[in-house]
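Everything below concerns the one structure shown next.
The values are calculated or read from the model by the stated rules, or taken from the named source; none is laboratory data. Small disclaimer: the values here were computed from a predicted structure and weren't measured. For neighbour counting, all protein chains shown are included, and Cβ atoms are generated from backbone atoms with ideal geometry for every residue, glycine included. Note: areas computed on protein heavy atoms with side chains; ligands, DNA, RNA excluded. Shrake-Rupley method; radii C 1.70, N 1.55, O 1.52, S 1.80 Å.
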Amino acid sequence: MQVHLSNCQPSVPVRGRDSGKRQHISRTAQLQGKLEDLVTLLRSQALPISPVVPSDTSSASASHADDNSPVFTPAASTSQSTSSRPETTPDGSLAGSGFEPTPHRPVLHLPGSPIHPSVPSWPHQPTDEEAEENLDKFRNTMLISMPIVYLPPSMTAKQLREQYPFLWFNIMTITCKGAARQFAMSDAILAFVAQKMVIEFDRDMDLLLGLLIYMGWKQYQRKGKRCLSLITSLAKSIVYDLGLNRANGETIACLALSVSEGKRAFSTGRELTTEGRRAVLACFLITSHISFILKKIDALNWTPEMDESLQILSEQPEWEGDEMLVAQVKIQLVFEQLTRATRESPDDGVSASYLFALQSELQTIKAQFPAHVQQNDVVKGFVYFTEHAIQEMASLKPKISKSIAPDLRRYEALEARVRTIQNLFDMHLSMPSRLYGGLTFMYWCHLINCIISLYQLSVYDDPGWDRRALRNRIDIFDLCDRITHRFDEVATARLPFAGPNLDDDVFVSCSKMMLTLKEHWLMEFAALERGNIALAAPLDGVAYGGMTDAPPPTPVLQLDESEVWLSDLFNMNWEM
């Protein structure tokens, strides 16, 4: 909806997306298009209509019986009491419940539902013991990768659910055992978001934090890039509406044309809390990464007030994770400058002087980090990712056409790119595999981008580039084997909870795809040595990040619908 303080008028939806230059359309028009996509997504699931009472009935009130707003809740078995808590079996199913995770779908509640739930309705809530175990797992293996929220050590899972129920549910989703349960809970999250944000026009910190968790660990969700684009836009809309990116937010006098009486209005004319500062910085961090992945959605715009929040959080950290968040955001600001410059530059690309300035700025920022932050593996990883992106762009500069002299800066960038890739994978493979489950979706995207970049360099045809020496220096097939082995280690540890369909587990799928990638490259290398094929990875004119507008010459992977996001990730063809 287009919001005006004086006259509320709905905006014209903008649905077309041009494959060439970016259209200059309003942020609210883009958001409305995304919301329409979300409604279409929900309708496409052919939702049955069934009156379902959410599992937490203690908060039900008779006053809700006259509320005419529909509520999305997942279907539940009418034969099972909502007060019972079934136990999980090793295969991820629920003992004694008759529960089949896969067919579980959100259901549209008719007007007159008993309550509006504060969490996505899910008939198989974790027990208190499971919830505490999941929260500990999130603290110890996930927050260290991206500390976007502070959960005091004394806070219990029950207290977290009381304070931030939607955040709690998202944490339970990405930490629960069994991919089938994760997928079903993710579907419930989308239905809940549609209810709260599209139908009820709700905006609060709980919704924002929950969406940040959803985006940050997207590998545990089944939906693909269109869903990620929608959730990204919705998260940004909460930041705008709560005024987290402004010093003093304005009271919104007209929230929407059809907001019924009693709906929550919000005013942001107050000082930002540390929590709010952390949330807006985390939203920039995640949306900037997603902007790089999807290419056709912008990151949250950086504002002077966000710069102030970064400075305050840097000087007054509430816990050690704030130092890591500040470091990641500062690195990402450099990455974002490169992303925007690449999109806005003419056809001849970003100038060499600008790339040199970005590299110098990155090194200055890194040198200012405390020693323990510099040595943090996740921080080091994102430094490598940013260095590689800058070096990749420098190596893609057109060759000098009016001179027979070699472009020495180009070869210097190629060599620097190889060193960065080598440092990255040395760091990654030294990381304990037990930490892999906590690494973020953005980390895995950048890592796969780098291994594909190594393949491009290994087959790059240039008189001044010794690709055979590179293969002797870094054996890409041995690297694939080692990465696959680490995936297998994680998948084996998760095996007792994988459920009947082992391929649903994200690490099983990643292992399979690494093997497929290796087999594909082995065939191309063999044909290349025989001189039977043209090179599949020329560097001249390749778009930034190795993501070309045209599909790859030959498909790397052929996967089913449940693995669509991983297929897109490994093919690196994230066109909208």
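Ordering Tyr460, Thr492, Asn472 by the projection of their Cα atoms onto the charge dipole of the stretch 427-495, which places +1 on the Cβ of Lys and Arg and -1 on the Cβ of Asp and Glu, puts Thr492 at the extreme positive end. Charge tally for Asn245 (other residues, Cβ to Cβ under 10 Å; Lys, Arg +1; Asp, Glu -1): +1. Taking the Cα centre of each part, how many Å lie between the stretch 191-249 and the stretch 306-352? Using only Cα atoms, the two centres lie 21 Å from each other. Hey, can you grab everything whose amide H is under 5 Å from the amide H of Leu300? Only 5+ residues off in sequence or another chain; H modelled, so Pro and N-termini drop out. Sorted by chain and number, the residues that satisfy this are Thr287, Ser288.
Carbon-plus-sulfur accessible fraction, the stretch 117-225 (probe radius 1.4 Å, protein heavy atoms only): 52%. Accessible surface for Arg340 stands near 70 Å², nearest 10, in the context of the full protein assembly shown (1.4 Å probe). You can think of it this way: the chain between Arg471 and Arg409 has 20.1 nm of extra reach, that is 0.36 nm per residue less the Cα-Cα gap. Rounded to the nearest 20, the size of the Cβ-charge dipole of the stretch 150-214 about its Cα centre is 260 debye, with Lys and Arg at +1 and Asp and Glu at -1.
Ordering Ser395, Gly381, Thr303 by Cα displacement along the dipole of the stretch 297-441 toward the positive end leaves Ser395 in first place; charges were set at the Cβ atoms of Lys, Arg (+1) and Asp, Glu (-1).
Among the listed pairs Lys295/Lys330; Lys330/Lys518; Lys177/Lys218, a Cα-Cα separation exceeding 26 Å is found for Lys330/Lys518.
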